[in-house]
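Written out below as structure tokens is the structure these notes cover.
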Amino acid sequence: MTEFVSSLVQLGDSTLRGSTPLLFAALGGLVSERSGVIQISLEGMMLMGAFGAAAATLSAQSPAVGVVGAVGASLLVAIVYAFFVIELKANQIVAGTAVNMFAAGLTPFLCKILYDSGTSTPSLPLNLRLQSEPVWAAWGLVFLGWLWLKYTPSGLWVRFAGEHPAALDSAGIRVKRVRWAAVLLSGCLAGLGGLSLSICLSSSFSRSMTAGRGFMALAALIFGKWKPIPTAAACLLFGFSDALQIRLQGVVLWGTEPVPVQFIQILPYIVTVLVLAGVVGQSRAPHALGVPFNKE
């Protein structure tokens, strides 16, 4: 009985920790998409944030500087993305995909230049890694995000920018400025998601370490109907599926041979597909999502 309770506690802890990168990224996507800008580029921003966190921590020997590095790296990517989709009115899906491809190619290149390794950065000692701080920060941001969107003027501006941008403009609020702020904030949050991967859940940055988590965060956002608390619940579901597949690796479910690890590892992605298949027709995206604003 004691062993069973201990296993449940470990599973719960793994779920909370595993959902943390998704929470940061999903909150970032929520802010951007509620303002009317599709955020396909979460994967790339998370990857840049993960590299920036590891590189800055190694350079300064301080995880606090790693936070700055993560936010700075992802913010630079967000600025480029916002310029193309808001100012130049580029197709947001195409631009976001380009950002993801750019980050996937740039991070191993920088690893090779800086550390003579195309796959990872050097490992961080335990004293330079974050412990539970990202977990607490992520859940604090869920609560603050709910309050901000629901009860503050700037939160209302973000919601109107994604639902009725013309009405917001007629009230004297610049829609482009609101969308710029939302995309940049989205980049910062995605960077924190990358940080939680490289200097919290892991001890280094490794190539493609996000492993589709940016897209899983988008799935959680759709499942949560672009609302902070339901989105957080979806992140917990995906975090649970990831923690479960780790616990199931090597377990014999039938016969004498364990289930091939490849089948266990796809569990989180199967859950993602099933969730999207069940709710994609029931979720209503913001009316102006993906529509460039043209001031008349």
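The values are calculated or read from the model by the stated rules, or taken from the named source; none is laboratory data. Quantities reported herein were computed from a predicted structural model and do not represent experimental measurements. Glycine gets a Cβ as well: all are built from the backbone with ideal geometry, and neighbour counts include every protein chain shown. Only protein heavy atoms, including side chains, enter the accessible area calculation; ligands, DNA and RNA are left aside. Shrake-Rupley method; radii C 1.70, N 1.55, O 1.52, S 1.80 Å.
Among the residues of segment 43-75, which ones are in contact (Cβ under 8 Å) with a residue 12 or more places away in the chain and either exposed (fewer than 15 other Cβ atoms within 10 Å of the Cβ) or farther than 26 Å from Ala220 by Cβ (or both)?
Scanning segment 43-75 gives Ala55, Ala56, Thr57, Leu58, Gln61, Ser62, Pro63, Val68.
If you check every pair at least six apart or on different chains, which have Cβ atoms under 8 Å apart with a residue in segment 166-191 that is among the acidic types (Asp, Glu) first and a residue that is surrounded by fewer than 18 Cβ atoms within 10 Å (Cβ to Cβ) second?
That search, which allows pairs on different chains as well, returns Asp169/Lys295.
If you check Leu189, Leu237, Leu197, which single one turns out to be under 15 Å from Val142 (Cβ atoms) and surrounded by 24 or more Cβ atoms within 10 Å (Cβ to Cβ)?
Just a single option satisfies the conditions, and that option is Leu189.
Among the residues of segment 21-35, is any charged (D, E, K, R), in contact with a Gly (Cβ under 6 Å, 6 or more places away or on another chain), open to solvent by 10 Å² or more (accessible area, probe 1.4 Å) and touching a residue at least 40 places away in the same chain (Cβ under 8 Å)?
Here is the first cut: in segment 21-35, the ones charged (D, E, K, R) are 33-34.
Filter once more, keeping what is in contact with a Gly (Cβ under 6 Å, 6 or more places away or on another chain): 34.
From what is left, the residues that are open to solvent by 10 Å² or more (accessible area, probe 1.4 Å) are 34.
From what is left, the residues that are touching a residue at least 40 places away in the same chain (Cβ under 8 Å) are 34.
Yes, segment 21-35 has at least one match.
Residue by residue through segment 272-296, note down the ones that are modelled with pLDDT of 80 or more and either at positive phi or in a helix (DSSP H, G or I) (or both).
Once the filter is applied, which keeps residues that are modelled with pLDDT of 80 or more and either at positive phi or in a helix (DSSP H, G or I) (or both), segment 272-296 yields only Gly290.
Against the condition at pLDDT 90 or above, among the hydroxyl-bearing types (Ser, Thr, Tyr) and either in contact with a strand residue (DSSP E or B) (Cβ under 8 Å, 6 or more places away or on another chain) or under 20 Å from Ser19 (Cα atoms) (or both), how does Ser186 come out, does it pass? Break it down stepwise before answering.
Values: at pLDDT 90 or above: yes; among the hydroxyl-bearing types (Ser, Thr, Tyr): yes; either in contact with a strand residue (DSSP E or B) (Cβ under 8 Å, 6 or more places away or on another chain) or under 20 Å from Ser19 (Cα atoms) (or both): yes.
It is true that Ser186 is at pLDDT 90 or above, among the hydroxyl-bearing types (Ser, Thr, Tyr) and either in contact with a strand residue (DSSP E or B) (Cβ under 8 Å, 6 or more places away or on another chain) or under 20 Å from Ser19 (Cα atoms) (or both).
From the list Arg179, Arg129, which residue is under 20 Å from the mean Cα position of the chain (by Cα) and at pLDDT 95 or above?
Of Arg179, Arg129, the one residue that is under 20 Å from the mean Cα position of the chain (by Cα) and at pLDDT 95 or above is Arg179.
So which residues in segment 200-234 are open to solvent by less than 10 Å² (accessible area, probe 1.4 Å), farther than 22 Å from Ala53 by Cα and among the hydrophobic types (A, V, I, L, M, F, W, C)?
Residues satisfying the conditions are Ala219, Ala220, Leu221, Ala232, Ala234.
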